Amino acid sequence: MGNMIGLNPSTSGGTCLQMSNGLTDVFLNVLVLGGSALAKTVSEKRLIVWLAERDQSRVGMGTVGFDLRDMPWAPASFARDREFLLCVAAGARERMGWEKLDYHPNEKLLFPCLDRFAELVGEMAFSEIKADALEEWLLGADVSDPVLCGFPLCPRHQTLLTVFGCHICNN
Ligand SMILES: [Zn+2]
């Protein structure tokens, strides 16, 4: 078991990022931690909330892999948002916010995953945006969903919350 993150995995299966369930939690923790600190715009915050919703403690172990094309990309800000995600991956590489974790991630396992993720994000092209992904995700959100309620933060980790709470507290 584990989780696979890819870009159009059906045609580029060999280049996917594959992680164990435990490593996936760590990978998402550090992205959500740095991403929450770096996100300024609504579209940037949405991308981090969407990542934080891949919460195995709530949706099931080994069920949070995804295709980058299914992320809620906003066409109007795609280039900036992709750049933002690359900054988030680089920030995680610099251990951004790690003092808020009560453990130290295994860098030998984690860093290659962050590097591969950055490569995949860099390969994501405007033409691959699924026009309805953002709209469908927002339509599926309850009125009380953090993504529709001003992006509240976890008081302990200053991370963007999801409908499931804080990804770090939960995991
Ligand atoms: Zn928390």
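The values are calculated or read from the model by the stated rules, or taken from the named source; none is laboratory data. Note that this is a predicted model, so its numbers are computed, not measured. All Cβ positions, even for glycine, are placed from backbone atoms using ideal geometry, and neighbour counts span all protein chains on display.
So which residues in region 46-69 are over 16 Å from PRO9 (Cα atoms), β-branched (Val, Ile, Thr) and surrounded by 21 or more Cβ atoms within 10 Å (Cβ to Cβ), if there are any at all?
If the condition is that a residue be over 16 Å from PRO9 (Cα atoms), β-branched (Val, Ile, Thr) and surrounded by 21 or more Cβ atoms within 10 Å (Cβ to Cβ), then ILE48, VAL49 are the ones that fit.
Could you tell me how many of the residues in region 70-106 are outside any helix (DSSP H, G or I) and surrounded by 14 or more Cβ atoms within 10 Å (Cβ to Cβ)?
9
Can you list the helices (runs of 4 or more DSSP H) found entirely within region 107-170 that contain at least 1 residues being modelled with pLDDT of 95 or more and within 14 Å of the ligand (Cβ to nearest atom)?
167-170
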